[in-house]
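Attaching a single structure in C-alpha cells format; questions to follow.
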Amino acid sequence: MIDDVCLIVPAYNPDEKLFLEFLDKATQKFSNIIVINDGSDEEHIKTFQKISEQHSQIKFMKHNVNLGKGRALKTAFNFYLNEYPDCIGIVQADCDGQHDINDVVQCAETLRDNKECLILGVRDFSSEDIPRKSKYGNNITKLVFRLFIGIKISDTQTGLRAVGNDLLRQFMSTKGERYEYETNILIECKEKNIEIKEVPIKTIYIDKNQTSKFNPIKDSLMIYKLFGKYIFSSLSAFVIDIILFSVFIKIFTNINFDDKTKILLATILARIISSLYNFKINAKIVFKNMTKSSYIKYATLVLIQMFVSAFGVTYISRLIGIDLTWIKVVVDMVIFMVNFVVQREVVFKKK
C-alpha cells in the first residue's frame with residue numbers, strides 16, 4: 001500500500017462503471033486519494049455518492065459548476081498541500097478508465113527517486129488500434145512542442161502525471177483553467193529547466209475514446225494559441241524589418257548608391273531598429289529572461305544574421321532578376337527559423 005504519495009482524480013460526468021472499477025482498484029493500492037467533482041450534473045451525482053458510501057478513505061471535493069480540469073487540479077492540489085503534510089507528492093490520473101492502476105503505481109514509485117522532476121506516464125501511439133483523433137492530435141502537438149518549445153515529449157496529452165511537493169507549489173501558480181493548464185506546465189518545465197521523466201504505460205482506449213472529455217477541435221485551439229507569443233515577436237519584427245528595408249532601399253536608390261551599398265546600408269539600418277524591438281519583446285514576454293549576457297549574445301546574433309541577410313540578398317539578386325524586397329523575404333524566412341532556435345537555446349536560455 002502506497003502511503004507517501006496521494007492519488008488525485010479530477011472527474012466531470014464520469015462513466016459510472018469505469019469510474020467505480022478504477023477507484024475500487026485504486027483503494028487497494030493507495031492510502032490517500034482525493035476525488036474532485038468538477039461540477040458534474042445531477043444525473044452523475046449518484047456516482048459520487050455511491051463511491052463515497054463504498055470507500056470512506058477517499059476525500060471528496062466539489063465545484064458547484066464546471067470550471068475546467070485545470071481549476072479542478074489546482075483545487076485538489078491546494079487541499080492536498082494543506083492536509084497531507086506527510087506525503088512527498090501526488091500522482092494524478094483521469095477518471096475515464098484509460099489508466100491501468102499498475103501504471104499509476106509505477107509513476108508514484110518513480111516519483112520517490114525523482115522528486116525534482118515532472119513524471120509523465122506516456123503511451124505508445126504507433127499501434128494501428130489508436131483512435132485517429134488521439135493519434136493525429138498527439139503527433140501534431142508533439143511536432144509543435146519540438147519546433148517551438150524545444151522539448152521532445154512522447155505523449156503531450158497524457159493525464160497520468162506525478163509531481164513532488166516543491167514542484168507542485170510552483171505549478172499552483174501556472175496559468176490555465178482547462179486542458180491548456182497541463183500544456184502550460186510542460187512549457188514551464190522548459191522555461192525553468194525542470195526535467196521531464198517519462199514512464200511507458202499501457203495504451204488503453206475504451207469505445208474508441210468516447211469517454212474522453214477532450215474536444216479535439218476546441219481544446220486543441222486553446223492549446224495552440226499558447227504558442228502565439230513564440231512567433232508573434234519574431235514575425236512582427238520581421239514585418240517591421242521588411243518595411244524599413246523597402247523604405248531605405250527607395251531612399252538610397254534616389255541618392256544613386258550602387259546595389260551592393262544600398263542593400264548593405266538598408267539591411268543594417270532596418271535590422272538595428274527591428275532588433276531593438278525584437279529584443280525587448282523576447283526578453284520580457286517570450287523567453288522571460290534578460291541578463292547582461294543576453295544583450296551580448298543577442299547583439300552578436302544580430303550582427304551575424306544581418307550580414308548573412310545582406311550578402312544573401314546581394315548574391316541571389318545577381319542570379320535572379322526580381323525585386324530585392326521579395327528576395328529578402330525568402331532569405332529572412334530561413335534566417336527566422338534558425339534565429340528562433342538560437343535565441344531559445346543560447347541567447348535567452350536560463351541557467
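Every read-out reported here was derived from the displayed coordinates using simple, explicitly stated rules and does not represent laboratory data. What you see is a predicted model; the values in this text were computed from it and never measured. Cβ sites come from the backbone with ideal geometry, for glycine too, and all protein chains shown count toward neighbours.
Under a point spin-label approximation (7 Å from Cα along Cα-to-Cβ), what is the Lys29-Ile281 distance to one decimal in nm?
The modelled label-to-label distance comes out at 4.7 nm.
Please say if region 291-351 is rounded, prolate or oblate, where rounded means a/c under 1.5 for a ≥ b ≥ c the square roots of the C-alpha gyration tensor eigenvalues, and otherwise the choice is prolate for a/b larger than b/c and oblate otherwise? Spell out each step's value before the answer.
Numbers: a/c = 4.31, a/b = 2.66, b/c = 1.62.
In terms of gyration-tensor shape, prolate.
How much length is gained on full extension from Leu143 to Glu195, taking 0.36 nm per residue of separation minus their Cα-Cα distance?
Values: separation 52, 0.36 × 52 = 18.72 nm, distance 1.91 nm.
Extra length from Leu143 to Glu195 when fully extended: 16.8 nm.
For region 228-347, treating each Cα as an identical point scatterer without solvent, what Debye log10 I(q)/I(0) comes out at q = 0.18 1/Å?
The Debye formula, applied to the Cα set alone, gives -0.89.
Between Ile243 and Gln54, what is the label-to-label distance in nm when each label sits 7 Å out along the Cα-to-Cβ direction?
About 6.3 nm, to one decimal.
Now for a different question. Please report the net charge: other residues with Cβ closer than 11 Å to the Cβ of Val65, K and R +1, D and E -1.
Working: positive: Lys62, Arg71; negative: Asp38, Asp41.
Net local charge, Val65 excluded: 0.
Follow-up. Please work out how much length the chain gains when fully extended from Lys152 to Asn64, using 0.36 nm per residue of separation minus the C-alpha to C-alpha distance, in nm with one decimal.
Details: separation 88, 0.36 × 88 = 31.68 nm, distance 3.76 nm.
Working it through step by step, the gained length comes to 27.9 nm.
While we're here: Binning every alpha carbon pair distance of the chain at 20 Å from zero, what are the percents per bin?
Histogram of Cα-Cα distances, whole percents per bin: 27, 43, 22, 7, 0.
Among Lys74/Lys197; Lys280/Lys328; Lys142/Lys288; Lys25/Lys192; Lys62/Lys142, which pairs are too far apart, with a Cα-Cα distance over 28 Å? Mind dumping the intermediate values first?
Values: Lys74/Lys197 22 Å; Lys280/Lys328 24 Å; Lys142/Lys288 23 Å; Lys25/Lys192 36 Å; Lys62/Lys142 33 Å.
Long pairs (Cα-Cα over 28 Å): Lys25/Lys192; Lys62/Lys142.
Which value at 222 nm does the chain reach when only helices count, each DSSP H run of 4 or more adding -39,500 (n - 2.57), with the total divided by all residues and rounded to the nearest 500 deg cm²/dmol? Write down the numbers at each step before the final one.
Details: 12 runs with 187 residues, N = 351.
Calculated from helices alone, the mean residue ellipticity at 222 nm is -17500 deg cm²/dmol.
Which of the aspartates and glutamates could a cross-linker bridge to Lys229, judged by Cα under 17 Å and excluding same-chain residues fewer than eight apart?
Hits, sequence-local ones excluded: Glu180, Glu188, Glu191, Glu345.
With r defined as the distance between the Cβ atoms of Val329 and Ile204 and R0 fixed at 51 Å, what FRET efficiency is calculated, to the nearest 0.05?
Details: r = 48 Å, r/R0 = 0.94.
So, using R0 = 51 Å, E works out to roughly 0.60.
Another question about this same structure. What's the magnitude of the charge dipole for the chain around its Cα centre, counting Lys and Arg as +1 and Asp and Glu as -1 at the beta-carbon? Answer in Debye, nearest 20. Working shown, then result.
Numbers: 47 positive and 40 negative charges, 368 e Å.
Dipole of the chain, to the nearest 20 debye: 1760 debye.
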